[in-house]
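Have a look at the structure below before the remarks.
The values are calculated or read from the model by the stated rules, or taken from the named source; none is laboratory data. Owing to the predicted nature of the structure, the values given are computational and were not obtained by experimental measurement. Positions of Cβ are backbone-derived with ideal geometry, glycine not excepted, and every protein chain shown enters the neighbour counts.
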Amino acid sequence: MMVYQIAYNPYKVDLTISTKDGDSWIPISQNSTLVRFSRIRLQRSIRDQSKNAFFYELFNSSGEDDIEISFLGTDEDYYDFQEAVTNFNRINIGYHIELRKDCTSSLNSTKRKKDILSSLMINAKNSKYRNLLPDKIWKGIDDALASPSNEAVLIPLGKWSDYRKEIFSDDSWRLFCFVFCFSELKSKTVRDAFRGLSKEFEYLSDRPFEKERFVFVCTYNDCCEVQNNTLRKVLMEYGVQDIAYSLISDTDYLNIDDPEFAMASDALQELQQHIITFRNRYASQYKLRKSIDSIQKEIQKEELTPGSKLKRKVDTILKDRKTGDSLFSDKEVEEAYKWLVNTLNSISQVIELES
């Protein structure tokens, strides 16, 4: 039986598939058709039940009818994966997947990641070497620990450029809903907005998963006749068809923030579920990843790479600014350097999978 390891990092939206060789895991060849799933959110890959979808590709690659999968990731992603495997086994007689959960999954939760950063902050307060890291880095860690806002941002489609910096900045992690009316679908304002956003989305080609931070919300008057195919055709025309969209009535839109709205249409319920899922899971993962990215950029800017150059920098920082004499013994300088390197390593490993 072919044994696979599926290692999924939701912070980086990175999926690695390996096969077992003795006691080791060997990543699959970059020429494998399975590589195309590596930068797609796991949930999208496993929900697809077409014949060239994720699970079928695993079987095609193995050449066997029974495979075993060891899953490494977060508990939440494991439960989604487990449900998909159960459904696959149920509807595909002749194929079977044996699923096992890696015992370290609980170590990869957002809470656990934040606990690591919190420990760094607490330990630093009691350390005489705290000033070896610039205040900007400590502020970045503090920002990473802050809870994300629980609100999706609703923006009139024609006004998107007014919010461009907030929407597409490197540290942007919120869910943005671009709202427009179906009756304005052919207007210059709406068409120009699609054209402008399409160009911005091109810059996300190296991280296509970020497009899930956007939703087109098209509203219509309850008395108006609308066609879903018409909307889809326009989105395709401007190259934004891979952005999620929702077609809801004006009444639905007025109740978009009310999950208890008794008369909610299927489309509104689906949109509300999308927003809730993003708020409850993806938002905190995005925010943590973006915060760590910002911290890493600051670390590079300050040239805090372990090595002889950093050792000299530590020695300089610990010297008396007036006399140039060292305020610490050689042993303490070495200890300070090790403290700094350990802190930097802990930061760099926060959004990596623990196994």
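Out of the residues in segment 42-65 that are part of a helix (DSSP H, G or I) and of a type in the set (A, V, I, L, M), state the one that is nearest to residue 3 (Cα to Cα). Talk me through it step by step, then tell me what you get.
To start, the set of residues in segment 42-65 that are part of a helix (DSSP H, G or I) comprises 42-47, 54-62.
Filter once more, so that each one left must be of a type in the set (A, V, I, L, M): 42, 46, 58.
Details: 42: 19, 46: 18, 58: 10 Å.
The qualifying residue nearest to residue 3 (Cα to Cα) is 58.
Looking at segment 231-261 only, could you name the residues that are hydrophobic (A, V, I, L, M, F, W, C) and either in contact with a His (Cβ under 8 Å, 6 or more places away or on another chain) or assigned to a helix (DSSP H, G or I) (or both)?
In the first step, residues of segment 231-261 are kept if they are hydrophobic (A, V, I, L, M, F, W, C); the result is 231, 234-236, 240, 243-244, 247-248, 254, 256, 261.
Passing the criteria: 231, 234, 235, 236, 244, 254.
Every test in (1) free of Cβ contacts under 8 Å to residues at least 40 places away in the same chain; (2) within 24 Å of residue 167 (Cβ to Cβ); (3) not acidic (Asp, Glu) is passed by residue 308 save one, and that test is (2). Looking at this structure, is residue 272 assigned by TED's automatic domain parsing to the domain that holds residue 174 and either loosely packed, with under 15 Cβ neighbours inside 10 Å or not in a loop (DSSP other than H, G, I, E, B) (or both)? Taking the combined requirement at face value, the residue satisfies it. Limited to segment 275-301, what total is found for residues that are within 9 Å of the chain's Cα centre (by Cα) and among the small types (Gly, Ala, Ser)? Selection size over segment 275-301: 2. When 351, 299, 347, 295 are checked against the criterion of being in contact (Cβ under 8 Å) with a residue 60 or more places away in the chain, closer than 30 Å to residue 120 by Cα and in contact with a Gly (Cβ under 6 Å, 6 or more places away or on another chain), a single residue qualifies: 295. Right, residue 299: in a helix (DSSP H, G or I) and not aromatic (Phe, Trp, Tyr) or not? Yes: the conditions hold for residue 299.
Among residues of segment 226-237 that are without any contact (Cβ under 8 Å) to a residue 40 or more places away in the chain and surrounded by 14 or more Cβ atoms within 10 Å (Cβ to Cβ), none has a Cβ under 8 angstrom from a residue that is assigned to a helix (DSSP H, G or I) and of a type in the set (Lys, Arg) at a sequence gap of 6+ or on a separate chain. Restricting attention to segment 136-159, the residues that are surrounded by 13 or more Cβ atoms within 10 Å (Cβ to Cβ) and not in a helix (DSSP H, G or I) total 7. Restricting the search to segment 305-338, which residues are modelled with pLDDT of 85 or more, small (Gly, Ala, Ser) and loosely packed, with under 14 Cβ neighbours inside 10 Å? If the condition is that a residue be modelled with pLDDT of 85 or more, small (Gly, Ala, Ser) and loosely packed, with under 14 Cβ neighbours inside 10 Å, then 307, 308 are the ones that fit.
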